[in-house]
Amino acid sequence: SYPHLFVPRPKMGFTPKPGETPKLEYSCELICYSSSPAANQIYTQLQQAANTVSMRKFQRGLDGLKNQPIRSLAEKKTPPAEPGFFLSANTTQKPATVVGDPPVAVVDPEEMYAGCFVYANLTPAAYDVDLSRGVKWYLNSVWKVGDGPRLAPARDAADHYAHLVGKVPMNLAPPV
């Protein structure tokens, strides 16, 4: 969800000082539904990786950290279609994006849409900034392995102007 894999966006929560360049990052939100056959295995591997990083940095596990690296879909503002978990991942360097088997580089950014099925290569990292501690995910690469239901509606410009078809003059003279 929210795939910003080709054009970086201003970093969420970062307000540049006057004259300072905004920090840009590539990012996405990864969702895993409980109905996925590998959901438990994926969750366990992610938890173990995040816990290992937390133990190294803070000498304690993830319990008690305010900012959890993996969260329940029940926390989302809109009710999820089904139970599961999600995480956010970002990077300041453009992540590799591939599609197909064997994987080839994605040429059309529209190929990677919110709702497609992917594998993501992530690296966990602990942070301790301004009394905020947690584990975040760096996004290294994304491999699209299948089409899924679009989570954001498709935008069709023709639909936006359907009510004006046949009513707009097409050969306008230059303004006088």
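The values are calculated or read from the model by the stated rules, or taken from the named source; none is laboratory data. Since this is a predicted model, take the numbers as computed values, not measurements. Cβ: placed from backbone, ideal geometry, glycine included. Neighbour counts: every protein chain shown. These area figures cover heavy atoms from the full protein model, side chains too; ligands, DNA and RNA do not enter into them. Shrake-Rupley method; radii C 1.70, N 1.55, O 1.52, S 1.80 Å.
Conditions (1) at pLDDT 95 or above; (2) polar (S, T, N, Q); (3) open to solvent by less than 70 Å² (accessible area, probe 1.4 Å), marked per residue:
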residue: P18; (1), (2), (3): no, no, no
residue: C28; (1), (2), (3): yes, no, yes
residue: S35; (1), (2), (3): no, yes, no
residue: L62; (1), (2), (3): no, no, yes
| query | Give me the pairs: first residue in segment 118-131 and within 10 Å of V53 (Cβ to Cβ), second residue open to solvent by less than 80 Å² (accessible area, probe 1.4 Å) and of a type in the set (A, V, I, L, M), beta-carbon distance under 6 Å, and six or more apart or on different chains, which are they? | reply | P124/A49; P124/A50; P124/V53; P124/V135; A126/V53; A126/V135
| How many residues, within segment 80-107, are modelled with pLDDT of 95 or more and among the charged types (D, E, K, R)? | 1
| said: From the list N67, N40, N51, exactly one residue is surrounded by fewer than 13 Cβ atoms within 10 Å (Cβ to Cβ) and more than 23 Å from G115 (Cα to Cα). Which is it? | reply: N67
